[in-house]
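Working notes for the structure below.
The values are calculated or read from the model by the stated rules, or taken from the named source; none is laboratory data. Keep in mind the model is a prediction, meaning the values are calculated, not measured. Positions of Cβ are backbone-derived with ideal geometry, glycine not excepted, and every protein chain shown enters the neighbour counts. Surface areas here come from the heavy atoms of the whole protein model, side chains and all, with no ligands, DNA or RNA. Shrake-Rupley method; radii C 1.70, N 1.55, O 1.52, S 1.80 Å.
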Amino acid sequence: MLGIMKQKVTAATIIGQSLQRFRPAVSAARSYATASKEMTVRDALNSALDEEMSADPTVFLMGEEVGEYQGAYKISKGLLEKYGPERVIDTPITEAGFAGIGVGAAYHGLRPVIEFMTFNFSMQAIDHIINSAAKSNYMSAGQINVPIVFRGPNGAAAGVGAQHSQCYAAWYGSCPGLKVLAPYSSEDARGLLKAAIRDPDPVVFLENELLYGESFPVSAEVLDSSFCLPIGKAKIEREGKDVTITAFSKMVGYALQVSLALFIAAISDAVINLRSIRPLDRPTINASVRKTNRLVTVEEGLPQHGVGAEICMSVIEESFAYLDAPVERIAGADVPMPYAATLERIAVPQVEDIVRAAKRACYRSVPMAAAA
């Protein structure tokens, strides 16, 4: 009995020490050097829109319920009252119509922000996004710029079925002429939306419905009206030496949650928040892989032709000699999203999936082939 008690005390002591060492890492991952307050992703998007509309009279917002209802997710709260119906325009349920009007307005020097109630509805407008917005600069030999932002919630929410749960990062990320951004935190949302609105090219801005109400620490720098993040640059959320984990949007939060389980397994993980899907920050990804020698990619979207597949190929092309283990790819199940809650959970990546993949990459568990 005494031996058992000593074992329990020793285990508890080890876990306690691990937790004490782990807490600063969590704090660092979720804070900034001069963090002064917290802000929700919803408020970050709202403030970015407000400030850009105030600074540039050519910026306007258009979409379903963006005005009188103040946005389906309240992103445009207060903007109609402040800027009026000429710059905050409620539209009928006709994505093809108002997306096309937006592209035409961008041709003439305005800066439209087109809100889709969900990016699943952007399929009604995809001809304007791909064939008009994305290709006009190239087809006009650089004479026509199309400074337009298409924004709205992307990916799975909860219980909305197959037609309303798709991730469009890989869809739009495969199209030359578009820039594709996917924010995670309030800093991301605020800085990237400002960058998107100011950019001379069409930007697809993929938000996440489940992140709108999440709060993140923001610094005085982030709150400054001149704050803007560079397009095409990833953020290293956490440094590590054993395995690199890449993720974007909501999956960044999941990737950050695996650290305690990996720390107990003596695995130091680096987490990269992609932020930008196109252009993709290949140098940052490859530099991390050359340091850790292992890679796990995480995304909500479908595996075939996905963002993770592109990252894998980039690492194979540029850093193959540095890999000490096969690349692990975590993605949504290759099926239409189930409606049943139990099946829906299985169909999207979970924290435990990332933990298992990281352990496999570091040879701390039985490989999938051997366990099958």
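Mind running the shape call on the range 119-237? Use the C-alpha gyration tensor, a ≥ b ≥ c as the square roots of the eigenvalues: rounded below 1.5 for a/c, prolate if a/b tops b/c, oblate otherwise. Verdict is oblate for the range 119-237.
Against the chain, whose longest principal axis comes from its Cα atoms, helix 282-292 is set at around 10 degrees.
Quick one: compute the contact order of the chain, relative version, from alpha carbon pairs under 8 angstrom and 6+ residues apart, as a percent.
Details: 752 pairs, mean separation 58.8, N = 372.
It rounds to 16 percent for the chain.
The residues of the chain expose, per residue, 45 Å² of accessible area to a 1.4 Å probe.
Would you mind classifying the range 268-372 by shape? Square roots of the alpha carbon gyration tensor eigenvalues, ordered a ≥ b ≥ c; an a/c under 1.5 is rounded, otherwise it is prolate if a/b is larger than b/c and oblate if not. It comes out oblate by the Cα gyration axes. Comparing mean-square fluctuations of Ser186, Ser215, Ser140 from a GNM of the chain with C-alpha springs under 10 Å, the top value falls on Ser140.
Taking every DSSP beta bridge that has both residues in the range 234-372, what percent is antiparallel when rounded to the nearest 5? Spell out each step's value before the answer.
Numbers: 3 of 14 bridges.
Rounded to the nearest five, the antiparallel share is 20 percent.
Looking at the range 37-223, the DSSP beta bridges with both ends there are about 15 percent antiparallel.
With the full set of protein chains in place, find how many percent of the accessible area of the range 155-287 is carbon and sulfur; take the probe as 1.4 Å. Walk me through the numbers before you get to the answer.
Details: 2220 of 4050 Å².
Percent of accessible area from carbon and sulfur atoms in the range 155-287: 55.
Annotation: amide H-H contacts under 5 Å for Leu295 (H modelled 1.01 Å from N, sequence separation of 5 or more, or interchain): Thr244, Glu328.
Name the GluC sites (Glu not before Pro) in the range 61-166 that are in a loop by DSSP and that have at most 11 other C-beta atoms within 10 Å, would you? Please list the in-between numbers first.
On the way: sites: Glu64, Glu65, Glu68, Glu81, Glu86, Glu95, Glu115; in loops: Glu64, Glu65, Glu68, Glu86.
Passing sites in the range 61-166 are Glu68, Glu86.
Between helix 186-198 and the chain there is an angle of about 30 degrees, using the helix long axis and the longest principal axis of the Cα atoms.
To the nearest 0.05, what FRET efficiency results for Leu223 and Gln350 with a Förster distance of 41 Å applied to their C-beta separation?
On the way: r = 34 Å, r/R0 = 0.82.
Between Leu223 and Gln350 the formula returns 0.75.
Summary value for the range 268-349: 31 percent relative contact order, contacts being C-alpha pairs under 8 angstrom separated by 6+ residues.
Close amide H partners of Met39, meaning residues 5 or more places away or on another chain with modelled amide H under 5 Å apart, are Phe216, Val218. When the chymotrypsin sites (Phe, Trp or Tyr not before Pro) in the range 42-100 are filtered for DSSP coil states and for at most 13 other beta-carbon atoms within 10 Å of their beta-carbon, the remaining sites are Tyr69.
Quick one: work out the % antiparallel among DSSP beta bridges in the range 119-274, nearest 5.
On the way: 3 of 16 bridges.
The antiparallel fraction comes to roughly 20 percent.
According to the square roots a ≥ b ≥ c of the eigenvalues of the Cα gyration tensor, what is the shape class of the range 37-223, taking rounded for a/c under 1.5, prolate for a/b larger than b/c otherwise, and oblate for the remainder? Don't jump to the answer; show the numbers that get you there.
Values: a/c = 1.37, a/b = 1.20, b/c = 1.14.
Here the range 37-223 falls in the rounded category.
Taking Gly191, Gly306, Gly232 as the candidate residues, the one with maximal mean-square fluctuation in a Gaussian network model of the chain, Cα springs under 10 Å, is Gly232.
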